[in-house]
1. Under 25 Å Cα-Cα from Lys14, which lysines qualify once same-chain neighbours fewer than 8 residues away are excluded?
2. From the Cα gyration tensor of region 1-44, with a ≥ b ≥ c the square roots of its eigenvalues, which class applies: rounded if a/c is under 1.5, or else prolate if a/b is larger than b/c, or else oblate?
3. Quickly rank 41-51, 209-219 as a protection proxy: mean count of other C-beta atoms within 10 Å, highest first.
4. Calculate the spin-label point distance for Ala57 paired with Asp23, positioning each point 7 Å from the Cα along the beta-carbon direction, and give it in nanometres.
5. Using a 10 Å cut-off on Cβ atoms, rank the peptides 21-30, 90-99 from the highest mean neighbour count down.
6. In whole Å, what are the Cα extents of region 95-166 along the three principal axes, biggest one first?
7. Ignoring ligands, DNA and RNA, what accessible area per residue does region 86-166 give at 1.4 Å, in Å²?
8. At a 1.4 Å probe, what is the % contribution of carbon and sulfur to the accessible area of the chain?
Amino acid sequence: MAQEHPAPLFRLFKLNIKADQRDAFVAAGQHNLQTSIENEAGTLAMYATHVDSAGIANRVVEIYRDQASYDTHAKSPQFSAFKGVAQQAVTDQTVINLTPVLLLELNQSLRGTQEDGHFIQLHEFTLQADKEEAYQDLMQTSLRTWLAGTQGILATYIGRSVTAPQNWVRFDVYTDLLAYQTLCQSAGYRRYQAAGQAMVEESTTTILTPDTLVNQGGLVFEG
């Protein structure tokens, strides 16, 4: 019998930083992400983004092949350099460890910054009781169709909180705003929205501005 691969490590960080440390924080993060994705085969995807125009509220998504891959990254010189800057810049931090439900990327790798115009959304939602399995089936069917049939969707990641499994996260990366708008007009997306909303108790969607976006490309994982 073939051995099953372990689920990747999937994490969402919510960071607030000092305004006067913004430039140093972004530069150190960019070096960390770009170096890690080139040098570490087990670092699968890393996204540094911000919420507000000043860049004080930040969101970071990271995906590693396994714990050993994260340990390799955590010992790297580029992470040590970033950690030194972050210790001075970050005023508070929340880490949400996620159980992967569906992780999908296009085959080509991604290297992006704010100037590239990518459109990113973070969806955080709470499912109604006993709807987890039905919602997971809906997501897996719908998102595979989108990624295969719609231009401009670069990556979609869905996970549920390890400590509060009714709380879910979806992180979507598009080439640009037009790609997202085109998707929203499709019949398949409208059907998904209608079916999904009937299972969701509450939700929040946040548009994120990219700082540094990197992935290896080709990730396919179903929990």
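1. Lys75, Lys83
2. The shape class here is oblate.
3. Those peptides, ordered most packed to least, come out 41-51, 209-219.
4. 2.5
5. Averaged packing, sorted descending, gives the order 21-30, 90-99.
6. Reported extents, whole Å, longest axis first: 40, 30, 16.
7. 49
8. On the way: 5300 of 10880 Å².
Using a 1.4 Å probe with all protein chains present, the chain comes out at 49 percent carbon and sulfur.
The values are calculated or read from the model by the stated rules, or taken from the named source; none is laboratory data. Since the structure is predicted, the reported quantities are computational estimates derived from the model, not experimental observations. Please note: Cβ atoms are built from the backbone with ideal geometry, for glycine as well, and neighbour counts cover all protein chains shown. Accessible surface is based on the protein model in full, side chains and every heavy atom, while ligands, DNA and RNA are left aside. Shrake-Rupley method; radii C 1.70, N 1.55, O 1.52, S 1.80 Å.
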